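Notes follow the structure.
The values are calculated or read from the model by the stated rules, or taken from the named source; none is laboratory data. Because the structure is predicted, anything quoted here is derived from the model rather than measured. Neighbour counts run over all protein chains shown; Cβ positions are idealised from the backbone, glycine included.
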Amino acid sequence: MKRAIFYLIFLLIPAVNNARIVKSGANNGAKILSKDVYTVVGLAETGLDRTVFDLAIKGLKKLDSKGKLLNPTIVTIADYSQSSNKKRLYVIDLKNKKLLFNTYVAHGRNTGAEFARYFSNDEGSYKSSLGFYITEHPITGSHTGFSLMINGVEKGFNDHACRRAIIVHGANYVSEDFIRKNGRLGRSQGCPALPPELNKPIIETIKDGTCLFIYNPDNNYIHSSSLLN
């Protein structure tokens, strides 16, 4: 009897080991895919540099680890290293590995002309503020219409966003027609303004606790951000 039991166990050992190998392989594959969103989505072809994407994900993960995000599967990147004549706003579904929106976004009038160069957290500066934001709820502004409140979470860089009334909203100067007539996109008072026809769809997608990252290779920000260092 004991010999029969020993023989049965001996036969089952390879099956158990194989099961462990298959399970481990599946997990490794999932990890590889999760790290390869940039490639799967094809973000290089849209003009978004991998370094910018990686920084956005780094900050998102820190915010999520602190329980700050209600929906960590959506990330929005405004890449102010690019010309304002480029579609430099990206809304990415990390869970389903899809680029949901890729369109124009304005920067502040005192931040620069075609390119964004100067940034501020000060009220009345009419400059854009760099860093990570958490989206809040939609509002209806008297001048901006359907808009989205955003909360700047980086002290010294964008934590005055609410008092400055920095919001996501649509604007007629964010259009290809404006670029054709003026040689560059129009500018805001510091808000990341969007094309009017995409304003509501984008806001409805990113509202209520998602991550927004406004990027520029500004040395002071890159080396001082608590979410990137």
> What is the residue count in the range 201-224 for residues that are under 16 Å from the mean Cα position of the chain (by Cα), surrounded by 19 or more Cβ atoms within 10 Å (Cβ to Cβ), under 18 Å from Phe157 (Cβ atoms) and not hydrophobic (A, V, I, L, M, F, W, C)?
Replying inline: 2
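Kindly check whether there is at least one residue in the range 159-170 that is in contact with a helix residue (DSSP H, G or I) (Cβ under 9 Å, 6 or more places away or on another chain) and among the small types (Gly, Ala, Ser).
yes
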>> It is to be established whether one or more residues within the range 100-109 are among the hydroxyl-bearing types (Ser, Thr, Tyr) and under 23 Å from Leu227 (Cβ atoms).
In response: no
>> Here's a check for you: in the range 44-61, which residue that is in contact (Cβ under 8 Å) with a residue 60 or more places away in the chain and over 20 Å from Tyr104 (Cα atoms) is surrounded by the fewest Cβ atoms within 10 Å (Cβ to Cβ)?
In response: Lys58
> In the list Leu185, Leu198, which residue meets the criterion of being surrounded by fewer than 22 Cβ atoms within 10 Å (Cβ to Cβ), in contact (Cβ under 8 Å) with a residue 12 or more places away in the chain and not β-branched (Val, Ile, Thr)?
Replying inline: Leu198
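Please verify whether Ser120 is farther than 16 Å from Leu212 by Cα and surrounded by fewer than 16 Cβ atoms within 10 Å (Cβ to Cβ), treating the condition exactly as stated.
Against the criterion (farther than 16 Å from Leu212 by Cα and surrounded by fewer than 16 Cβ atoms within 10 Å (Cβ to Cβ)), Ser120 does not qualify.
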>> I'd like the residue in the range 163-182 that is touching a strand residue (DSSP E or B) at 6+ places or on another chain (Cβ under 8 Å) and in contact (Cβ under 8 Å) with a residue 60 or more places away in the chain and, out of all such residues, is farthest from Gly131 (Cα to Cα).
In response: Tyr173
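Can you find a residue that is closer than 24 Å to Leu194 by Cβ, at pLDDT 95 or above, in a loop (DSSP other than H, G, I, E, B) and touching a Phe, Trp or Tyr at 6+ places or on another chain (Cβ under 7 Å) anywhere in the range 70-82?
Of the residues in the range 70-82, the ones closer than 24 Å to Leu194 by Cβ are 70-82.
So of that shortlist, the ones also at pLDDT 95 or above come out as 70-82.
If we keep only those that are in a loop (DSSP other than H, G, I, E, B) as well, we get 70-73, 80-82.
From what is left, the residues that are touching a Phe, Trp or Tyr at 6+ places or on another chain (Cβ under 7 Å) are 80-81.
Looking through the range 70-82, at least one residue is closer than 24 Å to Leu194 by Cβ, at pLDDT 95 or above, in a loop (DSSP other than H, G, I, E, B) and touching a Phe, Trp or Tyr at 6+ places or on another chain (Cβ under 7 Å).
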>> Of everything in the range 140-162, what is part of a strand (DSSP E or B), farther than 17 Å from Thr210 by Cβ and touching a Phe, Trp or Tyr at 6+ places or on another chain (Cβ under 9 Å)? Give them in sequence order.
In response: Thr140
>> Please list, ordered by residue number, the helices (runs of 4 or more DSSP H) wholly in the range 172-229 having 3 or more residues that are at pLDDT 95 or above, over 28 Å from Lys58 (Cβ atoms) and charged (D, E, K, R).
In response: 176-182
> If you go through the range 100-129, how many residues are farther than 16 Å from Arg163 by Cα, in a loop (DSSP other than H, G, I, E, B) and of a type in the set (S, T, N, Q)?
Replying inline: 2
